[in-house]
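Following: one structure in structure tokens, then a few remarks.
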């Protein structure tokens, strides 16, 4: 087994690579508009109630329709997963890991096809879709290796005692309810799902209603890789119909959620209540977003900082929990940074991501579209608009990348998670003031500091309270195995996805001791 290394990104400046993904896009466009079933215990189930997936770049294009589960079907899925757990949990860790290696190999061969699905269902540009697919490969490769190491860990950590044979093993928990987000509908879905199954748990995958088709494609890939029926159960459904029902279910053992603060807190509260017949405390793994800040010190490389601000704020139209939505700039360089960020932002192009000339595409749906536009109007009241601020076109959910300057650190645009192409900039007196602003929200996910001052770097390392802190680089783009990802405070449980401790969240240590 070769050492793990992150999957390389595709260079689309290479004409051969551009032609390859364009061919994949043609193939995918010929397949849109189909209907997809639920999958429970390997059984395909079609329901009258459907969830329709729409291309956010072209609202008149239906990407597909998936059957929507009722509570009765949710209960059927829970029982299927619970019964399959009895056998899957006893499959050796190495055998389960081989399924992930196989799945990663298949995905690597079909990388452009999956990226094309991401482009049309979630509105990602080629580069953003390719990074999403690469990260999915990384999660599977990394967690497979971590699982094999975990199987051996119990032999290494115990203190030897003469006359006894002591053994520590990490056993799976049970049924994992996976509730992923729409913004990384392949990478995060793959990571959440495969972490649970490689450690011996079974999964109920409830995909985001905006991006259910790519989740179905992942289910097919895992099945092709040898994951048995019933290990992963594909269960789209309306939140009001099956969301609380699955969280509350007595057989649910783990709830792995990525999404908004409000939903995450609701899940945590409901999961803490014991149901009739429930014999365990449910474990909640939750990632709930951020309001991430980039700090620019007076001695920073200003061109580097401005480019990183724009990339962090507007990649995938700001629809990342790690995206920069706040910037704190030292007063001595404030005007220069604001002007350069505005200049770079105005040069960005927005439109249908199938057109490679567009830097970024739409926001995900009408609800997001209206929310972002409403916050732009709020921003116009609270700060100075220096770039963007308008919607674009009619047939997609396109919004100009938008920059506000002279924002009050306590204003709504500096405090609320907008989750769109909007960044607000504020002026700070000195580095201590910058740290105060950076920590001045209820979130604590990512942050960046641009400075040449070593003392300030160490001060930020100690005082900037975020789960992922970067120096002199953008605050997005965490790599599996390189930058374990997860945040503090209202950003979630700091689960550190893609890190060496993540699989422990899906296991429980069991000690056996035999007197010799």
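The values are calculated or read from the model by the stated rules, or taken from the named source; none is laboratory data. This structure is a prediction, so every number in the text was calculated from the model and none was measured. Ideal geometry is used to build each Cβ from the backbone, glycine not excepted, and the neighbour counts take in all protein chains shown.
Summary of computed values
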{"read-out": "In the stretch 316-353, the residues that are within 29 Å of the chain's Cα centre (by Cα) and either under 17 Å from residue 452 (Cα atoms) or at pLDDT below 95 (or both)", "value": "328, 329"}
{"read-out": "Residue among 428, 480 that is more than 25 Å from residue 316 (Cα to Cα) and buried (at least 16 other Cβ atoms within 10 Å of the Cβ)", "value": "428"}
{"read-out": "Flag for residue 232 being over 25 Å from residue 271 (Cα atoms), modelled with pLDDT of 95 or more and either assigned by TED's automatic domain parsing to the domain that holds residue 267 or surrounded by 23 or more Cβ atoms within 10 Å (Cβ to Cβ) (or both)", "value": "no"}
{"read-out": "Selected residue (criterion: surrounded by the fewest Cβ atoms within 10 Å (Cβ to Cβ)) from residues of the stretch 343-359 that are touching a helix residue (DSSP H, G or I) at 6+ places or on another chain (Cβ under 9 Å) and not in a loop (DSSP other than H, G, I, E, B)", "value": "343"}
{"read-out": "Residue within the stretch 156-178 that is assigned to a helix (DSSP H, G or I) and surrounded by fewer than 23 Cβ atoms within 10 Å (Cβ to Cβ) present", "value": "yes"}
{"read-out": "Matching option when the condition is out of contact with any strand residue (DSSP E or B) (no Cβ under 9 Å at 6 or more places or on another chain) and either under 18 Å from residue 484 (Cα atoms) or assigned by TED's automatic domain parsing to the domain that holds residue 92 (or both), among 196, 151, 127", "value": "127"}
{"read-out": "Only one of 98, 23 that is farther than 26 Å from residue 194 by Cβ and either outside any loop (DSSP other than H, G, I, E, B) or in contact with a strand residue (DSSP E or B) (Cβ under 7 Å, 6 or more places away or on another chain) (or both)", "value": "23"}
{"read-out": "Qualifying positions in the stretch 251-282 - surrounded by 15 or more Cβ atoms within 10 Å (Cβ to Cβ), under 19 Å from residue 83 (Cα atoms) and without any contact (Cβ under 8 Å) to a residue 60 or more places away in the chain", "value": "278, 282"}
{"read-out": "Residue among 440, 467 that alone is crowded, with 16+ Cβ neighbours inside 10 Å and out of contact with any strand residue (DSSP E or B) (no Cβ under 8 Å at 6 or more places or on another chain)", "value": "440"}
{"read-out": "Selected residue (only one of 313, 215, 306 is touching a helix residue (DSSP H, G or I) at 6+ places or on another chain (Cβ under 6 Å), in the same structural domain as residue 351 (by TED's automatic domain parsing), at pLDDT 95 or above and crowded, with 24+ Cβ neighbours inside 10 Å)", "value": "306"}
{"read-out": "Options 215, 208, 225: the member that is under 16 Å from residue 104 (Cα atoms), within 19 Å of the chain's Cα centre (by Cα) and in contact (Cβ under 8 Å) with a residue 12 or more places away in the chain", "value": "215"}
{"read-out": "Residue match in the stretch 3-17 (condition: touching a residue at least 60 places away in the same chain (Cβ under 8 Å), under 30 Å from residue 242 (Cβ atoms) and under 24 Å from the mean Cα position of the chain (by Cα))", "value": "no"}
{"read-out": "Inter-residue pairs, beta-carbon under 8 Å, first in the same structural domain as residue 127 (by TED's automatic domain parsing) and in contact (Cβ under 8 Å) with a residue 12 or more places away in the chain and in the stretch 25-40, second loosely packed, with under 12 Cβ neighbours inside 10 Å and not in a strand (DSSP E or B), 6+ apart", "value": "35/46; 37/46; 38/46"}
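Residues checked against (1) under 29 Å from residue 118 (Cα atoms); (2) within 18 Å of the chain's Cα centre (by Cα):
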site: 154; (1), (2): no, no
site: 160; (1), (2): no, no
site: 166; (1), (2): no, no
site: 170; (1), (2): no, no
site: 178; (1), (2): yes, yes
site: 191; (1), (2): yes, yes
site: 237; (1), (2): yes, no
